[in-house]
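Undergrad: The following block contains the structure, expressed as structure tokens.
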Amino acid sequence: MNTTHLNELLDHLLERQDRSDMEDTLRYLLTPAELTEVCNRLQILRMLEAGVPQREIAKQLGVGIATVTRGARALKIKQQQRQT
């Protein structure tokens with residue numbers, strides 16, 4: 001990923017003034033499917049942190065188990081980074 005482009009995206013998002021502006025920006029930047037995917041990924045992380053089993057998360061959100069497993073790996077990496 002191009003770091004310059006990522007920084008520009010982060011700066012653009014941080015410039016949003018309120019929740020409505022942020023929602024408009026995300027709807028402008030992402031397709032409806034991409035926005036749904038991002039929302040699901042956040043819910044996956046939150047549910048994993050709450051101790052919900054992966055298969056239950058997949059069932060509740062209507063996503064594949066591989067998607068939940070990917071989230072679990074990302075969460076594990078994040079936790080390992082915090083420990084170092």
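Undergrad: Would you say LYS59 is charged (D, E, K, R), within 15 Å of the chain's Cα centre (by Cα) and surrounded by 11 or more Cβ atoms within 10 Å (Cβ to Cβ)?
TA: Values: charged (D, E, K, R): yes; within 15 Å of the chain's Cα centre (by Cα): no; surrounded by 11 or more Cβ atoms within 10 Å (Cβ to Cβ): yes.
For LYS59, the condition - charged (D, E, K, R), within 15 Å of the chain's Cα centre (by Cα) and surrounded by 11 or more Cβ atoms within 10 Å (Cβ to Cβ) - is not met.
Undergrad: Could you name every one of the helices (runs of 4 or more DSSP H) located completely within region 22-84 that has at least 3 residues being in contact with a Leu (Cβ under 7 Å, 6 or more places away or on another chain)?
TA: 32-49, 65-83
Undergrad: Go through region 47-84 and count every residue that is under 14 Å from GLU37 (Cα atoms) and among the charged types (D, E, K, R).
TA: 1
Undergrad: What pairs come up if the first residue lies in region 1-18 and is without any contact (Cβ under 8 Å) to a residue 40 or more places away in the chain, the second is open to solvent by less than 90 Å² (accessible area, probe 1.4 Å) and β-branched (Val, Ile, Thr), and their beta carbons are under 9 Å apart, counting only those six or more places apart or on different chains?
TA: HIS12/THR25; LEU13/THR25; GLU15/THR25; ARG16/THR25
Undergrad: Restricting to region 4-50, what's the tally of residues that are open to solvent by 90 Å² or more (accessible area, probe 1.4 Å) and among the polar types (S, T, N, Q)?
TA: 1
The values are calculated or read from the model by the stated rules, or taken from the named source; none is laboratory data. Since the model is a prediction, treat every value here as computed from it, not as a measurement. We place every Cβ from the backbone using ideal geometry, glycine too, and count neighbours over all the protein chains shown. The accessibility values were calculated without ligands, DNA or RNA, using every heavy atom of the protein model including side chains. Shrake-Rupley method; radii C 1.70, N 1.55, O 1.52, S 1.80 Å.
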